[in-house]
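Data block below; observations after.
The values are calculated or read from the model by the stated rules, or taken from the named source; none is laboratory data. Because the structure is predicted, anything quoted here is derived from the model rather than measured. Cβ placement follows ideal geometry from the backbone for every residue including glycine, while neighbour counts extend to all protein chains displayed. Ligands, DNA and RNA are excluded from the accessible area calculation, which covers all protein heavy atoms including side chains. Shrake-Rupley method; radii C 1.70, N 1.55, O 1.52, S 1.80 Å.
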Amino acid sequence: MPRRRRISALEDEPRGKRPRTNTASSRKRGKANPTAPLVETLDMTYSSKRCIAWFHEYTGPDEDTIGPEGMEKFCEDIGVEPENVIMLAIAWKMDAKQMGFFTLAEWLRGMTDLQCDSVAKVQRKLDHLRGLFNDQVYFKNMYRYAFDFARDKDQRSMDIETAKAMLGLLLGKHWVLFGSFLQFLEQSKYKVINKDQWCNVLEFSRSVFSDLSNYDEDGAWPVLLDEFVDWHKGQRSHNMTS
C-alpha cells in the first residue's frame, strides 16, 4: 500500500512540473569529497621524515652519505644525466662539499630549501633549477661555488682537466670565445687554475667583446687571460694570412 500511494502521487503531479526530489541527498551527491583537497594538500606538504626515508633509498644500511652508486641511481630516478648542469644547481642548493657525494645534512638542507621529499617533487622543480642559470646573480654564485665543489679538497687549485670540463658545462653554450679559450688551455703550460683565475674568466666572458676590441691590456686581468688574448690575436692573424 505505501508503494501504491507514492506511485499515484507521482502520477497526480500536474503536467509541466517536475517531481520534487530529496534535496538533502541531491546536495550530498553533488558535493565534492571533503577529504580530496586535504589529501592533495598533504601530498604537497614537505616532510623531513619522508625526505630522510627517501635519502636512505640511495645509501647502504646506517650510512649517512650518498656515494657514486647512489648518486647514479638518484640521477636515473629524476631523469637527469650526472653531467647535466641541473645536478650542479642541486648540489649548490645543498651546499655540498664534495662532487659525487651528498651527506644527510646536505641533503636535508637542499631538499628543505626546494621543499622536495620525493622524486616527483624534484621533477616538478627541474624547470625552476634550470632557470636559475638565466639569472646573472644566481649564475655567478653557482659559478663561484663550482670551483670549490669540483676541486680536489687537498688542493687549493683545480686541475686543468676538471677546469675545462666545468667551464664547458657552465660557459660552453653562452660564451662565444669558449672554443678558442679551450684550445688555448689545451696547448698552454697551465696544469691548474686557481680561484682568482677562475672567477676572472667569468668576468672576462661577460665584459670583453668577442673581437677583444675593448680588452684593457693595462687592466687587472690575471696573466692567464693576457696570454689568452695574445694567443687568440695571433691565431686570428694567422688565419687571415693563410
Asp216 - accessible surface, heavy atoms, 1.4 Å probe, Å² rounded to 10
80 Å²
Counting pairs of alpha carbon atoms under 8 Å apart in space and at least six apart in sequence, what relative contact order in percent does the range 62-208 give?
20 percent
Can you run phi through the Karplus equation (6.51, -1.76, 1.60; θ = phi - 60°) for the range 70-84 and list ³J(HN,Hα) in whole Hz, with x for Gly and Pro?
x, 5, 4, 5, 4, 4, 5, 5, 8, x, 10, 5, x, 8, 5
So which lysines can Lys140 reach, going by Cα to Cα under 22 Å and dropping same-chain residues fewer than 8 places off?
Lys93, Lys97, Lys125, Lys153, Lys164, Lys173, Lys195
For Asp95, the residues 5 or more places away or on another chain with a placed amide H closer than 5 Å to its own amide H are none
Suppose R0 equals 25 Å. What FRET efficiency, 1/(1 + (r/R0)^6) with r the Cβ-Cβ distance, do Arg50 and Leu126 give to the nearest 0.05?
0.80
Applying the Karplus parametrisation 6.51 cos²θ - 1.76 cosθ + 1.60 with θ = phi - 60° to the phi angles of the range 106-112, what ³J(HN,Hα) value in whole Hz is obtained for each residue in order, glycine and proline being reported as x?
5, 4, 5, 4, x, 6, 5
